[in-house]
Amino acid sequence: MGRTGMMIGGAVLIALGVLFTLQGLGYVGGSAMSGSTTWAVLGPLIALVGVVLSVVGARKSRTR
């Protein structure tokens with residue numbers, strides 16, 4: 001996966017992690033995930049994976 005792909009993938013995972021967390025905590029309603037403790041725990045973990053992926057993509061050497 002290239003540098004840009006890693007950063008885009010990381011940003012998508014961060015956004016999804018935040019959304020899942022907010023749904024799990026009950027701030028965003030309208031789905032089966034709303035108010036579910038499972039998503040309140042998994043959301044931050046998904047966002048953390050996104051942060052790591054973005055950082056690795058940003059630090060990846062531009063030249064090989």
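The values are calculated or read from the model by the stated rules, or taken from the named source; none is laboratory data. Treat the numbers as computed from the prediction; the structure is a model and nothing was measured. All Cβ positions, glycine included, derive from the backbone under ideal geometry; neighbour counts span all protein chains shown.
For this structure, a couple of remarks:
- Here the stretch 51-64 is the region considered, the condition is being surrounded by fewer than 12 Cβ atoms within 10 Å (Cβ to Cβ) and of a type in the set (S, T, N, Q), and the residue that is modelled with the lowest pLDDT is Thr63.
- Which numbered condition Thr21 fails, given (1) touching a Pro at 6+ places or on another chain (Cβ under 8 Å); (2) assigned to a loop (DSSP other than H, G, I, E, B); (3) of a type in the set (Ser, Thr, Tyr): (2)
- Leu48 in a helix (DSSP H, G or I) and surrounded by 15 or more Cβ atoms within 10 Å (Cβ to Cβ): no
- Qualifying residue in the stretch 2-17 (condition: surrounded by 15 or more Cβ atoms within 10 Å (Cβ to Cβ), modelled with pLDDT under 95 and not in a helix (DSSP H, G or I)): no
- Of all the listed residues (Leu53, Leu19, Leu25, Leu42), the sole one being of a type outside the set (Phe, Trp, Tyr) and within 9 Å of the chain's Cα centre (by Cα) is Leu19.
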